[in-house]
Structures are given as C-alpha cells and as structure tokens.
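Below is one structure; the comments refer to it alone.
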Amino acid sequence: MNHGVEFKNITKRYGIDASAPLVIKGVNFEIEKGSLTTILGPSGCGKTTVLRMIAGLETPTDGQILMNGKDVTTLGPADRNVSMMFQSYALFPHMNVIENVQYGLKMSGIEKAEASRRAVETLGNVGLVGYDDRLPSELSGGQQQRVALARALVLEPGVLLFDEPLSNLDARLRRDMREEIRSLQQRLHLTVAYVTHDQSEALAVSDQIIVMNDGLIAQRGTPQDMYERPGSEFVAGFMGEAMLFPGVAAVDGSVQLGPLSITSRTAVKAGQVKVAVRPEAWHIHRDGSGLPATLRKLAYLGSFFEYTFDTALGPIFVVSPDLTDVLNVGAKVGLTLADHGVVVAWLDSRICSAIS
C-alpha cells in the first residue's frame with residue numbers, strides 16, 4: 001500500500017516526567033496517498049495532538065511517523081512538506097489576497113514572478129479570480145477561508161492538514177465549503193488529514209474515518225462502515241445518534257426487543273444483548289401495530305420532524321421525513337423497525353452483528 005502518512009505505535013505525553021499520563025496511547029494508522037482521512041472524536045480525545053504530530057509541531061514520546069515511506073519522526077515542519085489550514089484562517093490583515101497566498105512561496109525563496117504565477121493559478125482553483133487586491137477585511141468568511149486554503153495549496157504540499165476548518169462558518173456556507181474541499185482533494189489527488197468534531201462533516205468528505213476516544217483509536221474504516229457497522233457502543237453513539245436498548249438473542253439468531261422481533265443476517269450468540277437503533281430506523285404506524293407508543297414531544301426542522309415517544313422500552317427518539325401526516329402530542333401509535341440502522345451488540349460493548 002502506498003501510504004502518504006503512517007503512524008507506528010505512537011505515544012505522546014506532555015513533559016519529561018515518565019509518570020505523566022499519556023495523551024496518545026499506542027496509535028497505529030495509515031493514510032493512503034491521494035485520499036482524505038478524517039480524525040474524529042469528542043473534545044480531549046487526542047485528535048488535535050495527532051494532527052500536530054503529523055505537522056511536526058509536536059514530537060512523539062515513542063513510535064515512528066512515516067511520510068511517503070520516509071521516517072520524519074524527529075523532523076520539524078519545514079522538512080516535512082506539509083501545509084496546515086487553521087480554524088482561525090490566520091490571514092495577515094495588512095496584506096491583500098495575492099500577497100497572503102504568495103507569502104509562503106516568498107519565504108521558501110521562490111522568485112517573485114513564479115510565486116505570482118502559482119498564486120494566481122491557485123486562487124483560480126478555489127474560485128477567487130479577480131480578488132487579488134482585496135484585503136481580508138473586505139472578504140466574507142467563506143472568501144477568507146478560500147484564501148487560507150489557497151495559501152496552503154500553493155505550496156504543493158505532500159500532505160495537507162485541516163484543523164476544524166469549517167467551525168467558524170454558518171450552516172449553508174459550511175456545506176458549500178466542505179464540498180469544495182472534497183472536490184479539490186479529489187481533483188488534485190491531495191493527501192489530506194482532516195480533524196473535526198462534526199460527524200456529518202466527516203461522513204461527507206472522507207475516504208477513511210478514524211474515531212478516537214481517550215487517546216486511542218476506537219475504530220477506523222469507510223464512512224459507510226463506521227455508520228452502519230460500528231465496532232462498539234461508543235462508536236455507535238458517536239457516529240450519528242443511536243439509542244441503546246436491552247434485548248434477548250435466541251438460539252435461532254432472532255433478537256427480541258420488547259414486542260419486536262429482529263432477524264439478524266449473521267450468527268448471534270444466544271443471551272442478553274444490546275440493540276443500537278438510529279432515529280431514522282423507526283417506522284410509525286397509525287393503526288398501533290408494533291411497539292405501543294405515545295407522542296410526548298415534536299419539533300419541525302423543515303425537511304423532517306423529530307418525535308419523542310414514551311414506550312415500554314423508555315423514551316424513543318424518531319426522525320420522520322413524512323411532512324404530510326403530522327402527529328399531534330398525545331397521539332397513540334405503533335413503532336416498528338426498518339431493515340437498516342439497527343445494530344446488535346454484546347453487553348461487553350463488542351458489536352457482534354449488524355442487521356444492515
């Protein structure tokens with residue numbers, strides 16, 4: 001496999017005291033050349049520390065970092081051929097757009113004419129033709145981000161790093177920019193490591209997702225694998241909303257969830273299990289068939305409704321795209337499960353079977 005980045009048993013503790021706790025605890029992963037890997041996890045899980053070690057801004061306590069097969073563990077940022085795009089954009093306010101984009105090239109000793117040519121070409125790649133003379137204060141948030149992206153791209157890095165790049169943008173612009181970043185990455189065959197805490201963002205842009213928790217990799221895989229086949233209760237809950245319910249697996253592989261019976265597509269060991277259910281996996285029946293449920297709360301979110309039902313299994317959160325048959329608070333209905341969005345797990349948190 002042709003790896004742009006490879007972590008081999010990386011650990012990291014801050015300070016020189018051997019008793020200091022590890023913030024990264026023996027992490028191993030690879031980022032294939034020309035692919036985008038998102039490092040995802042809750043605050044404090046270690047994802048930003050991993051990104052900073054790829055950049056050379058932090059040095060591992062133990063382990064080895066390879067880039068394109070070369071050991072870069074002890075090399076600084078200038079010797080790694082990486083560019084990093086920060087959450088704050090970090091544009092120079094007194095420089096115009098073209099000067100901001102050229103800055104890294106000038107510091108690298110590229111002659112003025114060549115720096116200008118590459119800067120203009122890169123600004124065209126991010127859709128900023130004709131903005132050369134504007135100051136950052138004269139740009140919108142999305143335009144400032146495109147300038148920051150152009151400044152990172154113009155250096156033609158072997159690895160491009162993003163640290164929460166969309167967190168300062170509103171929802172519509174965030175969607176537009178994530179599509180732009182993904183399109184550029186694929187068109188230019190960039191090797192990208194991308195840190196975010198936003199699960200939908202990770203699902204939208206990634207070839208590979210790495211979910212971290214408490215300094216360890218909880219699971220890694222394709223976006224579809226991570227959402228549909230989570231490897232633990234933590235991943236099932238973190239990759240989109242999922243509710244856990246107690247169930248009982250029979251010898252024949254069926255799983256009883258209250259009055260509902262689920263048929264697993266793979267062998268399930270008989271005994272107590274937990275069933276993780278996505279909110280979109282529930283079907284609502286006006287005739288009351290399935291699990292009896294009473295509507296307690298609802299919210300209209302434009303393209304769908306969010307419902308919370310009281311049931312014998314406890315409160316159940318449901319997302320419904322049906323905008324024509326709207327329930328009223330107090331409505332009594334039945335709930336059944338679809339053949340997707342349902343995962344069966346052992347009580348020790350190891351996922352044993354996915355129904356979809």
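The values are calculated or read from the model by the stated rules, or taken from the named source; none is laboratory data. Remember, it's a predicted structure, so these values are computed and weren't measured experimentally. Every residue, glycine as well, gets a Cβ built from its backbone with ideal geometry; the counts of neighbours run over all protein chains shown.
Key figures for this structure:
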quantity: Answer residue from the range 306-348, given it is more than 33 Å from the chain's Cα centre (by Cα) and within 25 Å of Ala249 (Cα to Cα) and is surrounded by the most Cβ atoms within 10 Å (Cβ to Cβ) among those; calculated: Gly334
quantity: Residues of the range 214-251 that turn out to be at pLDDT below 90, in a loop (DSSP other than H, G, I, E, B) and not small (Gly, Ala, Ser), as a count; calculated: 5
quantity: Phe29 vs. criteria at pLDDT 95 or above, aromatic (Phe, Trp, Tyr), under 20 Å from the mean Cα position of the chain (by Cα) and in the same structural domain as Val205 (by TED's automatic domain parsing); calculated: yes
quantity: Qualifying residues in the range 269-294 (those that are part of a loop (DSSP other than H, G, I, E, B) and among the charged types (D, E, K, R)) - the one nearest to the chain's Cα centre (by Cα); calculated: Arg278
quantity: Answer residue from the range 174-215, given it is at positive phi and not charged (D, E, K, R) and is surrounded by the most Cβ atoms within 10 Å (Cβ to Cβ) among those; calculated: Gly215
quantity: Residue within the range 88-98 that is surrounded by fewer than 17 Cβ atoms within 10 Å (Cβ to Cβ), modelled with pLDDT under 90 and not aromatic (Phe, Trp, Tyr) present; calculated: yes
quantity: Where a residue in the range 193-205 is in a loop (DSSP other than H, G, I, E, B) and modelled with pLDDT of 95 or more and its partner, wherever it lies, is buried (at least 24 other Cβ atoms within 10 Å of the Cβ) and not basic (Lys, Arg), with Cβ under 7 Å and at least six apart; calculated: none
quantity: Checklist (1) in contact (Cβ under 8 Å) with a residue 24 or more places away in the chain; (2) in contact with a helix residue (DSSP H, G or I) (Cβ under 9 Å, 6 or more places away or on another chain); (3) of a type in the set (D, E, K, R) applied to Asp62, failing item; calculated: (2)
quantity: Filter result (of a type in the set (A, V, I, L, M, F, W, C) and either part of a loop (DSSP other than H, G, I, E, B) or not assigned by TED's automatic domain parsing to the domain that holds Ile54 (or both)) within the range 131-183; calculated: Leu135, Leu139, Val154, Leu155, Leu166, Leu169
quantity: Residues located in the range 76-103, provided they are over 19 Å from Ile54 (Cα atoms) and not in a loop (DSSP other than H, G, I, E, B); calculated: Val97, Ile98, Glu99, Asn100, Val101, Gln102, Tyr103
quantity: Close pairs (6 angstrom Cβ cut-off, 6 or more residues apart or separate chains): under 15 Å from Leu169 (Cβ atoms) in the range 86-98, part of a loop (DSSP other than H, G, I, E, B) anywhere; calculated: Gln87/Glu164; Gln87/Ser167
quantity: Filtered residues of the range 23-43 (kept if touching a Gly at 6+ places or on another chain (Cβ under 6 Å), assigned to a strand (DSSP E or B) and not β-branched (Val, Ile, Thr)); calculated: Lys25
quantity: Residues being β-branched (Val, Ile, Thr) and touching an Asp or Glu at 6+ places or on another chain (Cβ under 7 Å) - total across the range 88-119; calculated: 2
quantity: Residue satisfying condition, being within 27 Å of Val318 (Cβ to Cβ) and surrounded by fewer than 22 Cβ atoms within 10 Å (Cβ to Cβ), within set Asp225, Asp163; calculated: Asp225
quantity: Some residue of the range 61-78 being under 19 Å from Pro165 (Cα atoms) and assigned by TED's automatic domain parsing to the domain that holds Glu164; calculated: no
quantity: Test: Gly127 is without any contact (Cβ under 8 Å) to a residue 60 or more places away in the chain, in a loop (DSSP other than H, G, I, E, B), of a type outside the set (A, V, I, L, M) and in the same structural domain as Ala193 (by TED's automatic domain parsing); calculated: yes
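Residues checked against (1) without any contact (Cβ under 8 Å) to a residue 40 or more places away in the chain; (2) aromatic (Phe, Trp, Tyr); (3) touching a helix residue (DSSP H, G or I) at 6+ places or on another chain (Cβ under 8 Å):
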{"position": "Gly237", "(1), (2), (3)": "yes, no, no"}
{"position": "Ala242", "(1), (2), (3)": "no, no, yes"}
{"position": "Phe245", "(1), (2), (3)": "no, yes, no"}
{"position": "Ala250", "(1), (2), (3)": "yes, no, no"}
{"position": "Thr263", "(1), (2), (3)": "no, no, no"}
{"position": "Ala270", "(1), (2), (3)": "yes, no, no"}
{"position": "Val273", "(1), (2), (3)": "no, no, no"}
{"position": "Trp282", "(1), (2), (3)": "no, yes, no"}
{"position": "Thr294", "(1), (2), (3)": "yes, no, no"}
